[in-house]
Amino acid sequence: QLHDLICQLSLGSFKMFGEQRVLEAIEVSLEWETFEQFSVWQLLSAETPPLQEVLKVLPLDSSAHPEALSGLLFLLRSCQPSSELLVPLLGMPLSDSLFTVTILHYWAVHRPKDLVTPVIDCLGTAITQEHETVEGRSELSSDAIIQYINELRRLLPPSSQFFSDADLCDTLASFSDATASSRYRQLKVLVRLPVCCIIARTCGLLGIYAYPRDRHYMQ
């Protein structure tokens, strides 16, 4: 029966959730057992709901809702990254960042050119919001975005197309010029170097090791 429903939803024969009910359906399913939750996400994937509505369920605690985050992860893998999708992903707590890092890594590997512009837009928006917000609170955090970029640098190979993009390099260099932190000023050095020189000359520059991949942030 689940198979038949998935096929009919994929064919567009009917709508099970609809744009107005998708978030409500997800929130209700968070209390269900694992199999039922996975079934819901298979049905959602077949119906291809508006992702902006689906992402309103974030942030979620990975220890409390692993099924929902797993279902969302597979749903996002089939999508093209955009600024609208990145905002709630980058707003996930850094203490529970595996979900965001995983989807960013997937896009950086399989859709590197598509990911660059949204990342640049989000970083620019974060800086603008931080400068204009009196209380210092904004929807996006430039510090969090840079930490996610650092993590991608740790996970991706030196030949990554994502970090070879000229627009991204220029943006990170401009950000380092506008930031007082010496840690962020080093971004300019990193992004200007040829990829083949990064390991030898900038190892640990951002508080991370470029290789081996199992190393973690330097404290």
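The values are calculated or read from the model by the stated rules, or taken from the named source; none is laboratory data. The structure displayed is predicted, hence computed values, not measured ones. Using ideal geometry, Cβ is built from the backbone for each residue, glycine included, and neighbour counts are taken over all protein chains shown. Please note that ligands, DNA and RNA were not included when accessible areas were found on the heavy atoms of the full protein model with its side chains. Shrake-Rupley method; radii C 1.70, N 1.55, O 1.52, S 1.80 Å.
How high is the relative contact order of the range 1-129, in percent, counting Cα pairs under 8 Å that sit 6 or more residues apart? If you can, show how the numbers build up before the last one.
Working: 105 pairs, mean separation 28.8, N = 129.
It rounds to 22 percent for the range 1-129.
Direction-averaged shadow area of the convex hull around the Cα atoms of the range 1-123, nm²? Intermediate results must be reported in sequence, preceding the final value.
Values: hull surface 31.2 nm².
Value for the range 1-123: 7.8 nm².
Name the shape class, rounded, prolate or oblate, that the alpha-carbon gyration tensor gives for the range 87-131, where a ≥ b ≥ c are the square roots of its eigenvalues, rounded holds for a/c under 1.5, and otherwise prolate holds if a/b is larger than b/c and oblate otherwise.
Cα axes put the range 87-131 in the oblate bin.
Please give the FRET efficiency for LEU30 paired with ASP143, using the beta carbon to beta carbon distance and R0 = 41 Å, rounded to the nearest 0.05.
0.90
Using 0.36 nm per residue of separation minus the Cα-Cα distance, give me the extension gain between GLU132 and CYS7 in nm, one decimal.
Values: separation 125, 0.36 × 125 = 45.00 nm, distance 4.89 nm.
Extra length from GLU132 to CYS7 when fully extended: 40.1 nm.
Testing the spin-label approximation: label points 7 Å from Cα along Cα→Cβ at SER63 and VAL109. State their distance in nm.
About 2.7 nm separates the two model spin labels.
Tell me, in nm to one decimal, what length is gained between ASP121 and PHE74 on full extension, where the rule is 0.36 nm per residue of separation less the Cα-Cα distance?
14.5 nm
Which ³J(HN,Hα) values, rounded to whole Hz and listed in residue order, are derived for the range 33-47 from phi using the Karplus coefficients 6.51, -1.76 and 1.60 in 6.51 cos²θ - 1.76 cosθ + 1.60 with θ = phi - 60°, glycine and proline given as x?
Here the 3J(HN,Hα) series is 6, 4, 4, 5, 5, 4, 5, 4, 6, 5, 5, 4, 4, 5, 7 Hz.
Compute the normalised compactness of the range 69-111: alpha-carbon radius of gyration over 2.2 N^0.38 Å, N being the residue count.
It is 1.05.
ARG77 accessible area, nearest 10 Å², 1.4 Å probe?
Its heavy atoms expose roughly 90 Å² to the probe.
Can you pull the Kirkwood radius for the range 2-62, inverse mean 1/r over Cα pairs, to one decimal in Å?
Evaluated on the range 2-62, it is 12.0 Å.
Tell me, what is the percent relative contact order of the range 72-123, built from C-alpha pairs under 8 Å that lie six or more residues apart?
54
If each of SER82 and GLN52 carries a label point 7 Å out from its Cα toward its Cβ, how far apart are those two points in nm?
0.7
Place a +1 charge on the Cβ of each Lys and Arg in the range 69-146 and a -1 charge on the Cβ of each Asp and Glu, then give the dipole magnitude about the Cα centre in debye, rounded to the nearest 20.
420
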